[in-house]
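A short write-up of the structure that comes next.
The values are calculated or read from the model by the stated rules, or taken from the named source; none is laboratory data. Because the structure is predicted, anything quoted here is derived from the model rather than measured. Ideal geometry is used to build each Cβ from the backbone, glycine not excepted, and the neighbour counts take in all protein chains shown.
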Amino acid sequence: MEIERARREYEELRGRNLKLDLTRGKPSSAQLDLSAELLRLPGDDYTAADGTDTRNYGGLQGLPELRSLFSEALQVPPGQLIVGGNSSLAVMHDSIVYCLLGVPVGGERRWTDEERVAFLCPVPGYDRHFALCERFGIELIPVPMTPAGPDMDEVERLAAADPGIKGIWCVPKYSNPDGVSYSAETVARLASMPTAAPDFRIFWDNAYAVHHLTDEPVEIADVLALAAEAGNPDRVFVFGSTSKVTLAGSGVSFFGSSPANVAWFLGFLSKGTIGADKVNQLRHVRFLRDERGLREHMRKHAELIRPKFEAVDRILGKELGGTGLASWSSPAGGYFITFEVPAGCAKEVVRKAAEAGIALTPAGATHPYGDDPADRTIRIAPTFPELDELEVAISGLATCVRLVGAERGLG
Ligand code: PMP
């Protein structure tokens with residue numbers, strides 16, 4: 001496209017004084033409304049299945065009926081699940097802190113006493129995982145993602161050779177941000193690979209376990225069972241939450257692992273609290289009821305957000321298809337779309353979009369230290385805006401890409 005036309009389109013876009021936000025994967029208010037009833041529960045009956053008065057202290061591990069309800073979705077036996085507070089990220093944070101300040105099961109010393117602690121980070125990945133490690137001085141080592149999960153040849157090579165590598169971040173289903181789900185082979189290799197560190201941990205953040213966009217839910221292999229079978233029962237920490245099931249700010253979270261790790265985790269937890277918020281746990285049980293209830297509830301979410309994912313795909317296809325200026329993922333679940341522009345262009349596209357009032361996650365956020373060496377990956381979060389706003393924002397994004405492409409003589 002000639003540059004004058006691209007400039008004209010962009011000036012027109014800027015003239016609209018938009019204020020649109022595609023930065024974070026938040027549920028829309030219509031999605032939150034699906035859980036309106038939650039706030040009227042548990043009503044006058046505060047008693048859990050075993051007769052516990054949920055208003056009182058106690059119940060550190062969480063209500064058994066809630067653990068049973070999420071056992072299948074998270075692929076963790078109920079006895080090996082702990083219910084946490086409103087944020088799984090907080091549980092991941094605490095898991096890191098416990099490893100730093102307490103000797104992990106099977107480890108020789110506290111991670112703070114190690115010369116060096118590093119984590120493998122499949123890229124593109126989730127910026128908050130990376131920021132958490134960075135905050136505590138844990139080194140981040142990028143490994144590329146493939147359509148079947150992290151590049152396992154690379155992961156195996158690094159983990160086997162370097163005792164400083166203590167863990168890997170994994171979002172195994174509908175990954176943030178590229179929507180990839182790990183193949184059975186990838187999961188088996190992660191569970192069984194030799195690691196130089198005896199206390200190597202897989203941080204298995206199954207944030208999108210039940211967040212399907214199609215009628216064919218993706219199933220992933222059971223990493224806890226595979227690790228136990230391979231003789232590495234304590235390798236995996238499983239995380240999950242209802243942030244994008246019920247209320248993003250007032251849900252419940254989960255930690256799942258081997259019996260030894262669960263006892264280890266509870267040993268720390270018991271020093272910090274006399275018990276969990278069981279009223280909120282009971283509320284969740286009464287609202288979701290059972291696995292079928294959970295599935296049906298998630299179907300309602302899908303009905304609200306599928307049109308948004310389809311709109312992004314349709315508009316990008318119409319405006320950028322065949323130009324060679326962009327490619328993007330079409331995920332079968334989760335909350336994000338990865339949008340790739342020609343190398344060296346992502347920062348400039350995000351800058352131009354911001355100038356036109358369209359806020360995108362900073363280019364580079366999908367990579368450790370905020371540094372995407374190719375400067376080409378942008379994360380799109382389509383769930384929060386209303387559909388009409390989303391359409392305007394994506395079309396505006398395409399305008400920015402065309403201008404950057406024209407300015408650089410690409411496409
Ligand atoms: N993990 C992943 C992969 C996520 O994408 C998000 C939210 N964007 C979270 C965790 C945050 O979860 P929570 O609300 O339970 O802290």
Every listed condition ((1) crowded, with 19+ Cβ neighbours inside 10 Å; (2) of a type in the set (Gly, Ala, Ser); (3) within 16 Å of the ligand (Cβ to nearest atom)) holds for Ser257 save (3)
Listed by first then second residue, the pairs whose first member lies in region 355-376 and is in a helix (DSSP H, G or I), whose partner is among the small types (Gly, Ala, Ser), with beta carbons under 6 Å and at least 6 positions apart or on separate chains, are Gly370/Gly364
By residue number, the members of region 324-374 that are β-branched (Val, Ile, Thr) and within 15 Å of the ligand (Cβ to nearest atom) are Ile337, Thr338, Thr361, Thr366
request  = For region 346-361, state whether one or more residues are within 22 Å of the chain's Cα centre (by Cα), modelled with pLDDT of 95 or more and not hydrophobic (A, V, I, L, M, F, W, C).
outcome  = no
Filter region 87-135 for residues that are surrounded by fewer than 21 Cβ atoms within 10 Å (Cβ to Cβ), more than 20 Å from Arg24 (Cα to Cα) and hydroxyl-bearing (Ser, Thr, Tyr); the one that is farthest from the ligand (Cβ to nearest atom) is Thr112
By residue number, the members of region 156-186 that are closer than 14 Å to Pro122 by Cβ, surrounded by fewer than 23 Cβ atoms within 10 Å (Cβ to Cβ) and without any contact (Cβ under 8 Å) to a residue 40 or more places away in the chain are Glu156, Leu158, Ser183
Of the listed residues (Tyr98, Tyr182), the one being under 14 Å from the mean Cα position of the chain (by Cα), of a type in the set (Phe, Trp, Tyr) and modelled with pLDDT of 95 or more is Tyr182
